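Undergrad: I'd like to ask you about the structure that follows.
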Amino acid sequence: MTIRSTAARFLGTSMIAIAAFASQPVLAQDDASDDAEAGQLNTIIVTANRREENLQDVAVSAATLDADTVKTIFDSGAEVTALAARVPGLFIESSNGRAAPRFYIRGLGNTDFDLAASQPVSVVMDDIVMENVTLKSFPIFDIERVEVLRGPQGTLFGRNTPAGIVKIDTVRPGDELAFQGSASYGTFNSLSLEAGLTIPIAPGIASLRVSGLYQHRDNWVDNGFTGEDDVLGGFDEVAGRAQLLLTPTDELSILSSVQFRDLDGTSTLFRANILGPGNNDLNANYDRDTVFYDAGGGNEAGYKGFITSTKIDYDFGGATLTSITGWANSSGSSRGDIDGGNLVTGPGFIPFPSDTQDSIDLNQFTQEVRLASADTGTFTWQIGGYYFNSGFDVTTVGFTFPPPVTVNHTNESWAVFGQGTYKLSDRAKLTAGLRYTDDEKDFVVLAGAAPQPTHVEDSRVSWDLAGFFDVSDDASVFARVASGFRAPTIQGRDVAFFSPPSVATSEKIMSYEVGFKSELADRRVRLNGAIYYYTIEDPQFSAVGGAGNLVQLVNADKGRGFGFELDSAFQITPDFLLTAGVSWNDTKIQDDTLAVGICAQCTVTDPTVVLSGNTRALVDGNPFPNAPEWIADVTARYGFPVGNDGEIFFFTDWTYQGKTNFFLYESREFNANNQFEGGLRIGYAKQDGSFEVAAFVRNITNADNVKGGIDFNNNTAFVNDPRMFGISARVNY
């Protein structure tokens, strides 16, 4: 195996694995040390209100992942979809490999696999909205924390956020020389190298941080149709980031960032007729190590990305003015043998071949200006404006059908917003926010079909109101009401299949939640929970697949969801940490006239009607697609002191995904239930966090979990990664 010389520089030797669970986020180092010495749980810092605050003081249902947790999850070379079910209420999946993930929070998401798909979950990296699905796949490395903010967040975060936000903050430059590095090697020659270096050019005035990531995996899947061994499943990914922090005065701070990614690998491997029929069990056609492709061009996926941003803060004394400017480019393509097999040997019956490639060339510009008061005082506030502009071309090519078609999407949006918090007393505070958003989208066919220009626009006010009350020094309660909306959407993929573009009008959400936050037993037990209920008018759904091979946007009349989330942590002893999280989510489509296309070979359990000669399923009462009813995760870490400054540690993490329906209609085949996946790390670590070496295994039970399906042609599905063994090392100084 040859490792690129540029990537080799990213190799470090090790870093401590204090792997905390989904609700155990990063914290200030001094606070962490103090907490550890006292045998207490770490203080959790979040920026849900665009300020650094203790999670226990914020009237938002939120959970976090710290840097060590994410590294542990990614040890075997995994990417962003591996964060699914790591915090209650969060689900992520992709039928585009490592390139275009789909996020869901509290059951709200979008199953559309097209590169132009709109999603109700925003991903925000270093204050820059990653709107397009290819930007949302940007590699996660050298991070400070990942926050998951549940429920509408449209007041302070300015894109489509009726479901919530996944907020990623990377490590910033500092005034001291610092280095962190990690390396792991495992099954299939999987290699993951990550490093970050802070160089104080002029302490207190200028500092530079450079960081990078390299991931590799050999091909490991055979093509049984061609007789070739180990020709699919591999990838190479390189990413880098440089940040320059200038603080020429005590009042002025300028942080500029440039980052890139380069992915060359295999797209999702679809597997023909591996489900049922008549149930969702994997059948005799399934072989994890083999597919039977006659097309797909090797299921190649290649994407490049470039992001630059500048954040300027100026402190006037009583208020700080912030400007955040961002520009992003994403380009690439992915191709797949969509039918998952061949017409000669199958597996199973494949009525017609499907081999398509989608490519994108995107540019995005964002600008935010915000004026925020100081954190002290009875009343704190912030006001601001936001501008978003994106344009991209998507080209769909069929081999040999359909003929190439290129379409163009543009989106321009602007908003003004404000939020204020008033302390009613030492124990009670009230927070209110308001935002006005104007959004316009245009679509036109550039080549391969008639232009079919399409325009949609909408402007709306969204708001939220939250109250927070300290019941005691150890426990608080909160209540929050929030509105949000997802702007109208245009989907033009079906133009390539001789159908007009489809349009969905704005979806509007009202969300209600009450919750509690507590730290008990001298901060050795943390229990945070929330109960929520939301309603949606005109929810946007994507009718994906079906026997007609279409991707069409539809609006249902209404939808609703309710459930609860619980995050907990138990510092049983200073050396033994146990964490657990669980969420239950019940969603329902409410539209007794909505009828959608169905699969070609699966067993539909919904009532059906014949419309214009085509059989359609009535989906009233069905759950939202890809909305797991239960999500749960558990972690445990125990350390045995060795010598004066080391320990032998054991860490295990487990996730559970309950009943999940893949599409708008319900069938016996296209759903999942009772999926477990676990990992284990055993190693040696310095107690000061400077060094760690460990052996690990991911998917320890080698569970075969179906993560999604392709329904238009046959009972095709795709699955999770197999069991992976490996070793890792980390350093931090």
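The values are calculated or read from the model by the stated rules, or taken from the named source; none is laboratory data. This structure is a prediction, so every number in the text was calculated from the model and none was measured. No Cβ is skipped: glycine too gets one built from the backbone with ideal geometry, and neighbour counts run over all protein chains shown. In case anyone asks, the SASA skips ligands and DNA or RNA and just uses the protein heavy atoms, side chains included. Shrake-Rupley method; radii C 1.70, N 1.55, O 1.52, S 1.80 Å.
Undergrad: Could you list, in sequence order, the residues of segment 51-68 that are closer than 18 Å to A482 by Cα and crowded, with 24+ Cβ neighbours inside 10 Å?
TA: A59, V60, S61, A62
Undergrad: Kindly indicate which of L213, L197, L177 is farther than 30 Å from P347 by Cβ and open to solvent by less than 50 Å² (accessible area, probe 1.4 Å).
TA: L213
Undergrad: If I ask for residues that are buried (at least 24 other Cβ atoms within 10 Å of the Cβ) and under 30 Å from I254 (Cα atoms), which ones from segment 322-355 would you list?
TA: A328, S330
Undergrad: Can you name every residue in segment 326-359 that is within 22 Å of S309 (Cα to Cα) and touching a residue at least 40 places away in the same chain (Cβ under 8 Å)?
TA: Selection gives G326, A328, S330, G332.
Undergrad: On to the next question. For a quick check of your reading of the model, give me the residue pairs whose first member lies in segment 418-434 and is assigned to a loop (DSSP other than H, G, I, E, B), whose second is not aromatic (F, W, Y), with beta-carbon atoms closer than 7 Å and at least 6 apart or on different chains.
TA: Sorted first by the residue in segment 418-434, then by its partner, the pairs are L424/L430; R427/D470.
Undergrad: Could you check segment 387-431 and list, in sequence order, the residues that are within 30 Å of D57 (Cα to Cα) and surrounded by 17 or more Cβ atoms within 10 Å (Cβ to Cβ)?
TA: Residues satisfying the conditions are A415, F417, G418, Q419, T421, K429, T431.
Undergrad: Scan segment 370-383 residue by residue and report those that are in contact (Cβ under 8 Å) with a residue 40 or more places away in the chain and either of a type in the set (D, E) or part of a strand (DSSP E or B) (or both).
TA: If the condition is that a residue be in contact (Cβ under 8 Å) with a residue 40 or more places away in the chain and either of a type in the set (D, E) or part of a strand (DSSP E or B) (or both), then R370, L371, A372, S373, D375, F379, T380, W381, Q382 are the ones that fit.
Undergrad: Still on this structure, I have one more. Any idea which of R50, R86, R98 is out of contact with any His (no Cβ under 6 Å at 6 or more places or on another chain), among the basic types (K, R), on the phi > 0 side of the Ramachandran plot and in contact (Cβ under 8 Å) with a residue 12 or more places away in the chain?
TA: Answer to the check: R50.
Undergrad: For segment 496-520, enumerate the residues that are of a type in the set (A, V, I, L, M, F, W, C) and at pLDDT 95 or above.
TA: Answer for segment 496-520, where residues must be of a type in the set (A, V, I, L, M, F, W, C) and at pLDDT 95 or above: V503, A504, I509, M510, V514, F516, L520.
Undergrad: Oh, and also: Go through (1) over 30 Å from Q56 (Cβ atoms); (2) charged (D, E, K, R); (3) over 28 Å from the mean Cα position of the chain (by Cα) one by one and return the number of the condition E457 breaks.
TA: The failed condition is (3).
Undergrad: Restricting the search to segment 483-500, which residues are free of Cβ contacts under 8 Å to residues at least 60 places away in the same chain and in contact with a Leu (Cβ under 9 Å, 6 or more places away or on another chain)?
TA: D494, S499
Undergrad: In segment 189-243, which strands (runs of 3 or more DSSP E) lie fully inside it and hold 3 or more residues that are touching a Ser or Thr at 6+ places or on another chain (Cβ under 6 Å)?
TA: 190-202, 206-217
Undergrad: In the set L156, L232, L193, L213, which member is under 30 Å from A482 (Cα atoms), more than 17 Å from the chain's Cα centre (by Cα) and in contact (Cβ under 8 Å) with a residue 24 or more places away in the chain?
TA: L156
Undergrad: Could you list, in sequence order, all residues of segment 499-512 that are buried (at least 20 other Cβ atoms within 10 Å of the Cβ) and charged (D, E, K, R)?
TA: Across segment 499-512, the qualifying residue is only E507.
Undergrad: Moving to a separate point now. Can T134 be described as in contact (Cβ under 8 Å) with a residue 60 or more places away in the chain, out of contact with any Pro (no Cβ under 9 Å at 6 or more places or on another chain) and open to solvent by less than 10 Å² (accessible area, probe 1.4 Å)?
TA: Spelling it out, T134 is indeed in contact (Cβ under 8 Å) with a residue 60 or more places away in the chain, out of contact with any Pro (no Cβ under 9 Å at 6 or more places or on another chain) and open to solvent by less than 10 Å² (accessible area, probe 1.4 Å).
Undergrad: If I ask for residues that are touching a Leu at 6+ places or on another chain (Cβ under 9 Å), open to solvent by 40 Å² or more (accessible area, probe 1.4 Å) and over 22 Å from D114 (Cβ atoms), which ones from segment 287-315 would you list?
TA: Correct list: D294, T310, K311, I312, Y314, D315.
Undergrad: Moving to a separate point now. Please work out which one of (1) of a type in the set (V, I, T); (2) part of a loop (DSSP other than H, G, I, E, B); (3) open to solvent by less than 20 Å² (accessible area, probe 1.4 Å) is the condition T249 fails and give its number.
TA: (3)
Undergrad: Going through segment 485-498 one residue at a time, which ones are over 18 Å from V456 (Cβ atoms) and open to solvent by 10 Å² or more (accessible area, probe 1.4 Å)?
TA: Answer for segment 485-498, where residues must be over 18 Å from V456 (Cβ atoms) and open to solvent by 10 Å² or more (accessible area, probe 1.4 Å): F497, F498.
Undergrad: Now for a separate question. Restricting attention to segment 275-308, and to residues there that are of a type in the set (A, V, I, L, M) and either in contact with a Gly (Cβ under 8 Å, 6 or more places away or on another chain) or in a strand (DSSP E or B) (or both), which single residue is nearest to F401 (Cα to Cα)?
TA: This residue is A301.
Undergrad: Only residues that are surrounded by fewer than 22 Cβ atoms within 10 Å (Cβ to Cβ), in contact with a Leu (Cβ under 9 Å, 6 or more places away or on another chain) and within 19 Å of T652 (Cα to Cα): list them for segment 671-713, please.
TA: Across segment 671-713, the qualifying residues are A695, V697, I700.
Undergrad: Would it be correct to say that K686 is within 26 Å of the chain's Cα centre (by Cα) and basic (K, R)?
TA: no
Yes or no, residue by residue, for (1) at pLDDT 95 or above; (2) touching a Lys or Arg at 6+ places or on another chain (Cβ under 8 Å); (3) of a type in the set (A, V, I, L, M):
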| position | (1), (2), (3) |
| --- | --- |
| Y185 | yes, no, no |
| L193 | yes, no, yes |
| L197 | yes, yes, yes |
| I205 | yes, no, yes |
| H216 | yes, no, no |
| D229 | yes, no, no |
| S267 | yes, yes, no |
| N273 | yes, no, no |
| N279 | yes, yes, no |
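Undergrad: Would you point out which residue out of S330, S253 is of a type outside the set (A, V, I, L, M) and within 19 Å of L362 (Cβ to Cβ)?
TA: S330
Undergrad: Out of R637, R730, R668, report the one residue that is basic (K, R), touching a residue at least 40 places away in the same chain (Cβ under 8 Å) and open to solvent by 50 Å² or more (accessible area, probe 1.4 Å).
TA: Result: R668 is the single residue among R637, R730, R668 that is basic (K, R), touching a residue at least 40 places away in the same chain (Cβ under 8 Å) and open to solvent by 50 Å² or more (accessible area, probe 1.4 Å).
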